[in-house]
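Novice: My questions will all concern the structure given below.
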Amino acid sequence: MKERHGRNRPRRAGRQDTDRDRSTRPVSARDGANAAGKPAKQSAVAASTTPPRERRTGKRPEQRIPVILETAGSDGFQLIDSGQGEKLEQYGPYRIVRPEAQALWPRQLSEAEWARADAIFSGEQDDEATGRWRFPTTPLGETWPMRLLDIDFHGRFTAFRHVGVFPEQLAHWTFLREQIANAGRPVRVLNLFGYTGVASLVAAKAGAEVTHVDASKKAIGWARENQALAGLEDRPIRWICDDAMKFIAREERRDSRYDIILTDPPKFGRGPNGEVWQLFDHLPVMLDICRSILSDDAIALVLTAYSIRASFYSIHELMRETMRGAGGLVESGELVLREASGDRALSTSLFSRWIGT
C-alpha cells in the first residue's frame with residue numbers, strides 16, 4: 001500500500017454505479033445479498049431519532065489533502081487489468097471478471113488473457129439489478145479460501161457481483177494494524193457496518209478488543225465463520241447484530257468509549273422496521289456520536305464513503321468540523337487500486353480519517 005499526498009486541486013470523484021454502489025437497500029434483501037451483493041450490513045434510522053446536536057467548538061484539526069491511499073495488490077489479490085466497463089481481478093486461486101463503470105479506458109491485455117477467467121459476472125453495471133456468475137472452464141462452489149494480511153477468510157460469489165471483500169480497504173486495514181501495534185496499551189476498536197469481519201479480524205489479531213456491528217444476521221454469521229477459519233476464536237470480538245445508529249446512541253448513553261472507530265455507511269438504507277437512512281441527512285449526526293464515544297486518548301476515526309456524488313472535500317470538511325477542539329490531523333482523499341502493470345489506477349471510494357496526537 002502506497003500513500004501519496006499533495007496540494008494540487010483534486011478531481012471531483014463521482015460514485016454512481018461503482019463496484020460498491022449501495023444506493024438501494026430493499027428490506028427484503030436484509031438477510032441475504034443486498035443490492036450490492038453485500039449482505040445488508042448498513043444502519044438505518046428514522047429521522048425522528050436524529051435531532052440536532054450541539055455545535056462543536058474549538059480549533060479545527062490540522063489537515064493533509066489530497067491523500068491517495070493506493071493498494072497495489074498482494075499474494076491474495078491483484079487487479080490484473082481493467083477497461084471497457086469491466087475489471088479483471090485475481091482473488092486467491094481465481095481469476096474473476098466483473099463490471100466496473102469507472103473503467104472508461106481501453107483494456108491493456110489481450111482478449112485471450114481475459115478469456116482465461118475462472119468466473120465472469122453477467123448482469124447490469126447498476127448494483128440494483130441481480131445477475132449470475134458464469135464459470136467458463138470448471139463449475140466452482142459458492143465459497144473459496146482467501147488470505148490477506150495473514151488473515152484467512154472466505155470469498156463468496158454473491159448474486160450482486162460482489163465477493164465478500166473490498167481489497168482497497170487493505171490501506172485502512174494496514175493503518176489499523178500499525179496503530180494497534182504501536183499503541184503500547186490496550187486498544188478498543190468499534191467496527192460499524194462491519195460486513196464479513198475482515199477488518200475486525202485484523203484488529204483482533206493485532207491485539208485489540210473489538211466490537212463488530214452489522215444489521216444483517218447473515219453477515220454476522222459469515223463473519224463468525226471467518227473468525228473460525230482465521231483461527232481467532234479465542235480473541236475478544238463481540239459480534240453485534242443491530243442497527244448501527246441505534247447501537248452508537250446506546251453506547252453514548254452508557255458512556256462507553258473506543259480508541260479506534262471504523263465506519264463505512266451506505267448512501268441509502270432501510271431498516272427491518274422501515275427506518276430510513278440517508279447519507280447526507282444522517283452522516284453528520286452519526287459522526288458526531290462517534291466523536292462522543294471516542295476515548296480521551298483516542299487514536300483514530302476512519303470514514304469510508306462509496307457511491308456518493310461529491311468530492312472528498314465534502315466529508316473532509318465534515319470530519320474537521322466534527323473533530324473541532326480534539327487536536328490531531330484529518331487527512332482525506334481516495335482509495336485506489338493499482339493495476340498489475342503499474343500504469344493505471346482505479347478509484348473505488350472516498351475516505352476521511354482523523355488521527356489523534
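The values are calculated or read from the model by the stated rules, or taken from the named source; none is laboratory data. Predicted, not measured: the structure shown is a model, and the values here were computed from it. Methodologically, a virtual Cβ is constructed for each residue, glycine included, from the backbone with ideal geometry; neighbour enumeration extends over all protein chains shown.
Novice: Go through region 175-220 and give me each residue that's out of contact with any Pro (no Cβ under 9 Å at 6 or more places or on another chain) and either among the small types (G, A, S) or not assigned by TED's automatic domain parsing to the domain that holds Y306 (or both).
Specialist: Across region 175-220, the qualifying residues are A181, A183, G184, G194, G197, A199, S200, A203, A206.
Novice: If you don't mind, another one. Determine which member of the set F247, F351 is of a type in the set (F, W, Y) and either in a helix (DSSP H, G or I) or on the phi > 0 side of the Ramachandran plot (or both).
Specialist: Values: F351 fails: either in a helix (DSSP H, G or I) or on the phi > 0 side of the Ramachandran plot (or both).
Residue meeting the stated conditions: F247.
Novice: Moving on. Among the numbered criteria (1) in contact with a helix residue (DSSP H, G or I) (Cβ under 6 Å, 6 or more places away or on another chain); (2) surrounded by fewer than 21 Cβ atoms within 10 Å (Cβ to Cβ), which one does T137 miss?
Specialist: If we test T137 against (1) in contact with a helix residue (DSSP H, G or I) (Cβ under 6 Å, 6 or more places away or on another chain); (2) surrounded by fewer than 21 Cβ atoms within 10 Å (Cβ to Cβ), just (1) comes out false.
Novice: Can you say whether G83 is touching a residue at least 12 places away in the same chain (Cβ under 8 Å), on the phi > 0 side of the Ramachandran plot, crowded, with 17+ Cβ neighbours inside 10 Å and over 22 Å from the mean Cα position of the chain (by Cα), as far as the supplied structure shows? Walk me through it before giving the result.
Specialist: Details: touching a residue at least 12 places away in the same chain (Cβ under 8 Å): yes; on the phi > 0 side of the Ramachandran plot: yes; crowded, with 17+ Cβ neighbours inside 10 Å: yes; over 22 Å from the mean Cα position of the chain (by Cα): yes.
It is true that G83 is touching a residue at least 12 places away in the same chain (Cβ under 8 Å), on the phi > 0 side of the Ramachandran plot, crowded, with 17+ Cβ neighbours inside 10 Å and over 22 Å from the mean Cα position of the chain (by Cα).
Novice: Under the condition of being hydrophobic (A, V, I, L, M, F, W, C) and assigned to a strand (DSSP E or B), which residue from region 198-231 is farthest from F247 (Cα to Cα)? Write out each step before concluding.
Specialist: Step one: filter region 198-231 for residues hydrophobic (A, V, I, L, M, F, W, C), giving 198-199, 201-204, 206, 208, 210, 213, 215, 219-220, 222-223, 228-230.
Add one more test, that the residue is assigned to a strand (DSSP E or B), and what stays is 210, 213.
Numbers: V210: 14, V213: 8 Å.
Among those that are hydrophobic (A, V, I, L, M, F, W, C) and assigned to a strand (DSSP E or B), it is V210.
Novice: Can you name the residue in region 188-239 that is among the charged types (D, E, K, R) and at pLDDT below 95 and, of all such residues, is nearest to the chain's Cα centre (by Cα)? Lay out the reasoning, then the answer.
Specialist: First, the residues of region 188-239 that are among the charged types (D, E, K, R): 188, 205, 209, 214, 217-218, 224-225, 233-235, 238.
Going one step further and asking which of them are at pLDDT below 95, we end up with 214, 217-218.
Numbers: D214: 12, K217: 18, K218: 17 Å.
Here the answer is D214.
Novice: Would you call I180 touching a Lys or Arg at 6+ places or on another chain (Cβ under 7 Å), among the β-branched types (V, I, T) and surrounded by 14 or more Cβ atoms within 10 Å (Cβ to Cβ)? Before you say what the answer is, go through the steps one by one.
Specialist: On the way: touching a Lys or Arg at 6+ places or on another chain (Cβ under 7 Å): no; among the β-branched types (V, I, T): yes; surrounded by 14 or more Cβ atoms within 10 Å (Cβ to Cβ): yes.
In short, no.
Novice: Tell me which residues, restricted to region 290-307, are in contact with a helix residue (DSSP H, G or I) (Cβ under 6 Å, 6 or more places away or on another chain) and either part of a helix (DSSP H, G or I) or farther than 12 Å from R353 by Cα (or both).
Specialist: R291, S292, I293
Novice: Turning to a different aspect of this structure: Filter region 308-323 down to the residues that are assigned to a loop (DSSP other than H, G, I, E, B) and crowded, with 21+ Cβ neighbours inside 10 Å and list them by number. So that I can check it myself, show each step before the final result.
Specialist: Filtering region 308-323 down to residues assigned to a loop (DSSP other than H, G, I, E, B) leaves 308-311, 323.
Scanning region 308-323 gives I308, M323.
Novice: Restricting attention to region 168-183, does a residue exist that is in contact with a helix residue (DSSP H, G or I) (Cβ under 6 Å, 6 or more places away or on another chain) and outside any helix (DSSP H, G or I)?
Specialist: Taking every residue of region 168-183 in turn, none turns out to be in contact with a helix residue (DSSP H, G or I) (Cβ under 6 Å, 6 or more places away or on another chain) and outside any helix (DSSP H, G or I).
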